[in-house]
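Accompanying notes for the structure given below.
The values are calculated or read from the model by the stated rules, or taken from the named source; none is laboratory data. Please read these numbers as outputs of a predicted model, since none were measured by experiment. FYI the Cβ positions are ideal-geometry reconstructions off the backbone, even for glycines, and counts take in every protein chain you see.
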Amino acid sequence: MELIKNEKIESNRHELQFKIDHDTFEAACTRVFNREKSNINVPGFRRGKAPRAIIEKMYGKSVFYDDALNELVPDYYEDAVKESGIEIVGQPEIDVVSVDDSGVVIKAVTYVMPEVKIEGYRGIAATKTTYTVTDEEVDHEIGHVREHNAREIDITDRPAEVGDTANIDYEGFCDGVAFEGGKGEGHDLKLGSGSFIPGFEEQVAGHSVGDEFDVNVTFPEEYHAEDLAGKAAVFKCKLNAIKHDELPELDDEFAKDVSEFDTFEEYREDMKKKIGERKEKNADAEVEEQLIDYLVEHVEADVPAPMYDAEAENIVRDYDMRLRSQGLDLSTYMKYTNQTLDTLREQVRPQAERQVKTRLALTEIAKLEGIKVDDEAVEAEYARMAEMYGMEVERVKAAIEEEDIAADLRLKAAVDLIKGAAVITEVAPEEKAAETEATDHTAE
């Protein structure tokens with residue numbers, strides 16, 4: 001490969017011209033001829049027996065050029081990019097400049113990584129919310145654990161109450177006529193959940209197992225079935241069984257069952273600590289978001305559109321993978337939401353632009369600060385990812401290039417540098433809320 005031209009033509013566009021020598025191009029044309037000759041019909045010759053010269057005379061000398069160039073150009077273009085030293089983004093525009101006895105000259109115009117300027121990244125002002133953990137929050141968290149470990153028991157010695165689960169048979173009638181979808185058998189209904197028509201559950205409460213009774217309700221005006229909206233109805237019901245969740249006592253035995261602690265007080269203190277750690281993590285994330293906001297606002301770069309396009313595609317692809325992990329897929333999701341790929345790409349475009357600008361700014365900061373990543377750090381990151389995904393390290397290495405791991409670690413180090421140099425003011429939650437409200441009013 002001979003690199004003929006290596007020239008910047010715009011702020012983020014570059015032109016390369018490279019040459020494919022005659023012998024290499026001729027050999028490729030011969031391969032194409034041998035592969036395609038059986039598909040070419042030439043009068044006077046059996047299929048596949050016509051000489052190449054006859055075919056070229058009949059269809060033109062360039063008949064095999066396109067396929068030959070499709071075979072050769074990708075590798076030659078890659079070599080030209082490496083020799084030029086440019087960092088490309090997006091797909092190139094390829095044109096043939098000339099074809100003669102010396103070979104083929106190819107022109108490739110491509111977008112390149114833009115020049116980036118970022119200043120003032122040391123000493124960025126940010127606020128950090130200082131959260132406290134209240135007894136009510138601890139009680140709330142423990143309450144969830146308590147409910148999760150509740151024991152369901154059968155109730156036979158009292159009527160149903162709000163909070164119980166009633167197993168019922170029912171059939172609904174409007175004007176004495178049963179309506180479609182109004183019948184159920186053996187249905188478990190959590191009284192007080194609000195899952196049935198307003199007024200229904202309250203009328204089940206107070207009845208005992210074996211009772212047969214009527215429930216009188218009126219369908220809401222905005223009910224989804226138009227033929228029932230606003231109408232009075234009678235449901236003939238039978239109460240088959242009553243179940244109640246019996247909550248465990250909050251004692252040392254409970255602590256032993258749900259944790260590694262021997263006493264409830266130890267368990268409670270650990271719960272308080274975990275809530276505090278979670279709040280601290282959220283507060284740090286809020287600070288980092290403010291710092292990233294500054295970078296996005298102050299980074300200077302003529303970003304080529306293909307970078308935004310590629311990032312938007314990555315976001316859509318990741319979204320598709322998350323949907324698949326939940327048993328759905330992007331195509332089905334778009335049908336449900338009445339969206340198209342184009343509208344989804346448009347929707348994620350602001351996020352894509354933010355992520356591209358953030359990465360450009362952090363990459364430039366890592367360069368300015370001389371941030372390096374050693375082999376030990378890369379190996380440690382491979383090990384961390386292998387543990388996180390439950391995979392062997394070698395499989396992770398086969399899936400992710402070492403260069404990509406090192407690049408991500410440099411960006412993380414750049415974030416840590418910015419956070420370490422930031423001027424952070426701690427504020428109480430109520431101060432933060434007032435500040436946010438004032439900002440919202442200013443924006444309006």
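Structural remarks
- The listed residue being touching a residue at least 24 places away in the same chain (Cβ under 8 Å) and part of a helix (DSSP H, G or I), out of Ala380, Ala413: Ala413
- Each residue in the stretch 215-232 was checked for being surrounded by 13 or more Cβ atoms within 10 Å (Cβ to Cβ) and part of a strand (DSSP E or B), and 3 pass.
- In the stretch 4-21, the residues that are touching a residue at least 24 places away in the same chain (Cβ under 8 Å) reach residues that are small (Gly, Ala, Ser) and surrounded by fewer than 21 Cβ atoms within 10 Å (Cβ to Cβ) with C-beta atoms within less than 7 angstrom, at least six apart or across chains, in these pairs: Asn6/Ser84; Leu16/Ser84; Lys19/Gly103; Ile20/Gly103; Asp21/Gly103.
- Output for the stretch 277-320, where each listed residue is of a type in the set (Gly, Ala, Ser) and either modelled with pLDDT of 95 or more or over 25 Å from Ile424 (Cα atoms) (or both): Ala301, Ala305, Ala310, Ala312
- Residue match in the stretch 353-369 (condition: over 19 Å from Asp416 (Cα atoms), loosely packed, with under 14 Cβ neighbours inside 10 Å and not β-branched (Val, Ile, Thr)): no
- Scan the stretch 3-25 for residues that are acidic (Asp, Glu) and surrounded by 15 or more Cβ atoms within 10 Å (Cβ to Cβ) and the total you get is 1.
- When restricted to residues that are among the hydrophobic types (A, V, I, L, M, F, W, C), in contact with a Leu (Cβ under 9 Å, 6 or more places away or on another chain) and surrounded by fewer than 18 Cβ atoms within 10 Å (Cβ to Cβ), the stretch 73-98 contains 3.
- Subset of the stretch 172-213 (residues that are part of a strand (DSSP E or B) and either on the phi > 0 side of the Ramachandran plot or among the aliphatic types (A, V, I, L, M) (or both)): Val177, Ala178, Gly181, Gly186, Leu189
- Looking across the stretch 77-133, the residues that are at positive phi and in contact with a strand residue (DSSP E or B) (Cβ under 9 Å, 6 or more places away or on another chain) come down to Gly85, Gly90, Gly103, Gly123.
- Among the residues of the stretch 333-362, just one is in contact with a helix residue (DSSP H, G or I) (Cβ under 8 Å, 6 or more places away or on another chain), within 18 Å of Leu323 (Cβ to Cβ) and among the charged types (D, E, K, R), namely Arg345.
- Residue among Ile94, Ile155, Ile106, Ile86 that alone is outside the structural domain of Leu362 (by TED's automatic domain parsing), at pLDDT below 95 and under 30 Å from Thr358 (Cα atoms): Ile86
- Matching residues in the stretch 233-254 - criterion: being within 42 Å of the chain's Cα centre (by Cα) and assigned to a strand (DSSP E or B): Lys243, His244, Asp245, Glu246
- Residue among Lys432, Lys419 that alone is modelled with pLDDT under 90, surrounded by 15 or more Cβ atoms within 10 Å (Cβ to Cβ) and in a helix (DSSP H, G or I): Lys432
- Residue ID - surrounded by the most Cβ atoms within 10 Å (Cβ to Cβ), chosen from residues in the stretch 128-162 that are over 38 Å from the mean Cα position of the chain (by Cα) and assigned to a loop (DSSP other than H, G, I, E, B): Ala160
- Tally, over the stretch 394-404, of residues that are surrounded by 15 or more Cβ atoms within 10 Å (Cβ to Cβ) and either of a type outside the set (A, V, I, L, M) or touching a Lys or Arg at 6+ places or on another chain (Cβ under 9 Å) (or both): 1
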